[in-house]
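Working notes, structure below.
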Amino acid sequence: SGDYRITLSGLVSGAGLSELGAEVDEERTYAVLSLQRTDGTAVTDENFDFFSHTLTPLVSGYSPSAVNGWTLDAYVSGFAKDGVYYYLLDTQSLEMFADHTVYLAFYEGGVPTREYFTMAEDGSISFVQGIAGPHALFTLPLDESRADPAAVDDFLERSGINPMLGFAD
């Protein structure tokens with residue numbers, strides 16, 4: 001994307017990491033995204049602004065304004081190492097949405113709104129045309145048999161989220 005190569009380096013449920021330590025929550029999803037300059041220039045903490053970019057999960061059929069990293073209690077951290085910038089995402093388990101297309105979005109900007117995303121009639125999500133800055137939208141390889149519609153309903157009810165917030169006409 002522009003001057004950057006953006007790679008989804010890894011995705012795992014907390015259950016897949018439970019052997020690593022007690023601080024890993026088996027009910028969460030963890031992802032690593034890496035960012036490199038295409039011209040080979042090192043990406044460092046000094047020349048890359050972590051805080052001006054967003055890494056968030058999104059789910060087809062639900063407004064990006066309603067189901068995203070903020071509503072899914074996600075935490076994102078980042079660091080530069082050996083010329084590559086790494087984003088680490090820790091979010092509520094995404095497996096409950098596995099019967100939908102689940103995305104991991106990276107872009108320059110803030111909370112996901114119509115300024116950044118569009119949603120088609122079939123519920124699929126894409127970036128708006130002409131979006132500036134590095135951006136990528138990955139489709140996550142979730143096992144559809146792990147979907148839990150009752151957990152999704154519970155999540156929406158507990159959160160008081162309107163699933164079409166900001167995108168319903």
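Taking the Cα centre of each part, how many Å lie between the stretch 119-156 and the stretch 81-105?
11 Å
If each DSSP helix of 4+ residues adds -39,500 (n - 2.57) and the sum is divided by the residues in the chain, what number results at 222 nm, nearest 500 deg cm²/dmol?
-2000 deg cm²/dmol
Calculate, for Val111 and Thr139, the FRET efficiency according to 1/(1 + (r/R0)^6) with r their C-beta to C-beta distance and R0 30 Å; round to the nearest 0.05.
Using R0 = 30 Å, I get an efficiency of 0.90.
At a 1.4 Å probe, what is the % contribution of carbon and sulfur to the accessible area of the chain?
Values: 4180 of 8820 Å².
Reported share for carbon and sulfur atoms: 47 percent.
Based on the Kirkwood radius over alpha-carbon pairs, what is the Stokes-Einstein translational diffusion coefficient of the stretch 43-98 at 20 °C with 1.002 mPa s viscosity, in µm²/s?
D, rounded to a whole number, is 170 µm²/s.
With a 10 Å cut-off between alpha carbons and a GNM built on the chain, which of Gly130, Gly61, Gly110 moves the most?
Residue with maximal mean-square fluctuation among Gly130, Gly61, Gly110: Gly130.
What is the stretch 24-169's relative contact order, in percent, from Cα pairs under 8 angstrom and six or more apart in sequence?
Relative contact order comes out at 29 percent.
With springs connecting C-alpha atoms under 10 Å apart, model the chain as a Gaussian network and identify which of Arg28, Arg37, Arg158 has the largest mean-square fluctuation.
Per the Cα network of the chain with a 10 Å cutoff, Arg158 tops the list.
What does the C-alpha gyration tensor say about the overall shape of the stretch 55-152? Classify as rounded when a/c is under 1.5, otherwise prolate if a/b is larger than b/c, or oblate. Spell out each step's value before the answer.
On the way: a/c = 1.91, a/b = 1.23, b/c = 1.56.
Verdict is oblate for the stretch 55-152.
Express the accessible area of the chain per residue in Å², computed with a 1.4 Å probe while the remaining protein chains stay in the model.
52 Å²
The values are calculated or read from the model by the stated rules, or taken from the named source; none is laboratory data. Not measured: the values here are computed from a predicted model. With ideal geometry, Cβ positions are generated from the backbone for all residues, glycine too; neighbour counts draw on all protein chains shown. Areas reflect the complete protein model, heavy atoms only, side chains present, ligands, DNA and RNA absent. Shrake-Rupley method; radii C 1.70, N 1.55, O 1.52, S 1.80 Å.
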